[in-house]
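Undergrad: One structure coming up, written as structure tokens, with questions to follow.
The values are calculated or read from the model by the stated rules, or taken from the named source; none is laboratory data. Here the structure is a predicted model, which is why all the values come from computation and not from measurement. Neighbour counts are summed over all protein chains in view; Cβ atoms, including those assigned to glycine, are modelled from backbone coordinates with ideal geometry.
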Amino acid sequence: MSSAQVGLLGGTFDPIHLGHLIIAEEVRTRLGLDWMIFVPAGLPPHKLAQAVTQPHHRLEMVRLAIADNPHFALSRVDIDRLGPSYTVDTVRLFLDGWGAHTELYFLMGADSLIELPTWRQPDRLMRLCRIVAVGRPGYRVNLAELDRLLPGAANLIHIMDMPTLDISSTDIRRRVQEGRTIRYLVPAPVERYIVEHRLYL
């Protein structure tokens with residue numbers, strides 16, 4: 001069986017925005033990946049004290065956002081399982097389901113990479129998949145420091161420079177609350193969904 005190269009992009013996606021889509025497509029094409037799978041978190045461990053939009057809304061917004069790209073797909077794996085969504089467990093589930101012939105690439109922003117040493121079993125995660133970190137405005141990764149905290153990280157993590165947009169889900173939610181436009185920050189179907197379901201008000 002030929003090997004498959006699959007990218008995983010996890011996140012709360014509350015809501016998904018154009019920055020997520022640009023990163024996903026840029027990494028997919030530059031690395032020649034067969035698929036880019038979007039994995040909305042069910043219960044994000046780092047947001048246990050925050051209010052997060054109900055999973056069915058976040059799932060539907062992702063579905064609407066990626067519908068026109070045949071290389072994008074949506075996974076419910078983190079939504080459907082109980083408890084916090086730890087990345088190392090998510091990656092293990094994908095590998096168990098798809099087999100050893102699948103090569104996984106896990107995407108994260110530079111802001112998340114800085115916090116990687118605090119994640120659950122980061123050493124195991126780095127050996128289960130290839131981690132691809134993409135730049136984010138305002139964040140600079142010190143690979144030497146990361147390698148000191150996680151020996152071997154410098155050789156196992158690929159940092160990819162690319163054009164990035166300074167768009168955040170937090171800002172989009174705030175703009176909706178303030179009655180400001182979010183046009184061109186999210187795909188048009190996502191904007192319509194937010195308005196129709198009165199999200200973030």
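Undergrad: Contact list please: Cβ distance under 9 Å, first residue in segment 68-86 and farther than 11 Å from Pro55 by Cβ, second residue polar (S, T, N, Q), pairs at least six apart or on different chains.
TA: His71/Thr29; Ser75/Thr90; Val77/Ser85; Val77/Thr90; Arg81/Thr90; Tyr86/Gln121
Undergrad: Within segment 96-201, considering only helices (runs of 4 or more DSSP H) that don't extend past its boundaries, which have at least 1 residues that are at pLDDT 95 or above?
TA: Counting at least 1 such residues, we get 122-128, 169-177, 188-196.
Undergrad: Further question: Consider Arg174 against the criteria (1) of a type in the set (D, E, K, R); (2) within 24 Å of Glu60 (Cβ to Cβ); (3) surrounded by 15 or more Cβ atoms within 10 Å (Cβ to Cβ): it satisfies all of them except one. Which criterion is unmet?
TA: (3)
Undergrad: Something else now. Return yes or no: is Ser75 in contact with an Asp or Glu (Cβ under 8 Å, 6 or more places away or on another chain) and more than 23 Å from Leu165 (Cα to Cα)?
TA: Against the criterion (in contact with an Asp or Glu (Cβ under 8 Å, 6 or more places away or on another chain) and more than 23 Å from Leu165 (Cα to Cα)), Ser75 does not qualify.
Undergrad: Oh, and also: Only residues that are within 17 Å of the chain's Cα centre (by Cα) and β-branched (Val, Ile, Thr): list them for segment 112-162, please.
TA: Ile114, Ile131, Val132, Val134, Ile157, Ile159 - these are the residues of segment 112-162 that are within 17 Å of the chain's Cα centre (by Cα) and β-branched (Val, Ile, Thr).
Per-residue answers, yes or no, for (1) touching a Cys at 6+ places or on another chain (Cβ under 8 Å); (2) in a strand (DSSP E or B):
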| position | (1), (2) |
| --- | --- |
| Leu8 | yes, yes |
| Leu21 | no, no |
| Phe38 | no, yes |
| Leu43 | no, no |
| His57 | no, no |
| Val62 | no, no |
| Asn69 | no, no |
| Asp78 | no, no |
| Leu82 | no, no |
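Undergrad: Looking at (1) under 14 Å from the mean Cα position of the chain (by Cα); (2) of a type in the set (Val, Ile, Thr); (3) assigned to a loop (DSSP other than H, G, I, E, B), which is the only condition Val52 fails?
TA: So Val52 meets the others, but not (1).
Undergrad: I would also like to ask the following. Across segment 33-87, what is the total count of residues that are modelled with pLDDT under 90, over 24 Å from Arg173 (Cα atoms) and not hydrophobic (A, V, I, L, M, F, W, C)?
TA: 3
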